[in-house]
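Asker: Please find one structure pasted underneath; my questions will follow.
The values are calculated or read from the model by the stated rules, or taken from the named source; none is laboratory data. What you see is a predicted model; the values in this text were computed from it and never measured. FYI the Cβ positions are ideal-geometry reconstructions off the backbone, even for glycines, and counts take in every protein chain you see. Ligands, DNA and RNA are stripped out before the accessible areas are found, and what is left, the full protein with its side chains, is counted by its heavy atoms. Shrake-Rupley method; radii C 1.70, N 1.55, O 1.52, S 1.80 Å.
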Amino acid sequence: MNRIKEVIADSGLRKNWIATQMGVHPARISEWIAERRKPNKVRIRALCKILKCKVLDLFPEGVK
């Protein structure tokens, strides 16, 4: 289970803006939130940088 949705909500940023900054379609972020897909390590690092958080904030159980 991930906390991407909660961290994005707490940041006050919009998914569309985050997606633009990352170079992905906003639907991709929705897929990560719904856990239909997992972001790769590069995308996770970029998401953490944008949201100013740690990986464990997004994925409390860790990333394999």
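Residue-by-condition table, conditions (1) at pLDDT 95 or above; (2) basic (Lys, Arg):
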position	(1), (2)
Arg14	yes, yes
Trp17	yes, no
Leu56	yes, no
Val63	no, no
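Asker: For Ser30, which of the numbered conditions (1) at pLDDT 95 or above; (2) open to solvent by 70 Å² or more (accessible area, probe 1.4 Å) fails to hold?
Answerer: Result: Ser30 passes all but (2).
Asker: Only residues in segment 24-38 that are farther than 13 Å from Met1 by Cα count as the first member; pair them with residues that are loosely packed, with under 13 Cβ neighbours inside 10 Å and of a type outside the set (D, E, K, R), Cβ under 7 angstrom, at least 6 apart or cross-chain, and list the lot.
Answerer: Cβ pairs passing all conditions: Pro26/Asn16.
Asker: Which of the residues belonging to segment 4-27 are hydrophobic (A, V, I, L, M, F, W, C) and open to solvent by 40 Å² or more (accessible area, probe 1.4 Å)?
Answerer: Within segment 4-27, the first condition is being hydrophobic (A, V, I, L, M, F, W, C), and the residues that meet it are 4, 7-9, 13, 17-19, 22, 24, 27.
Matches in segment 4-27: Ala9, Leu13, Trp17, Ala27.
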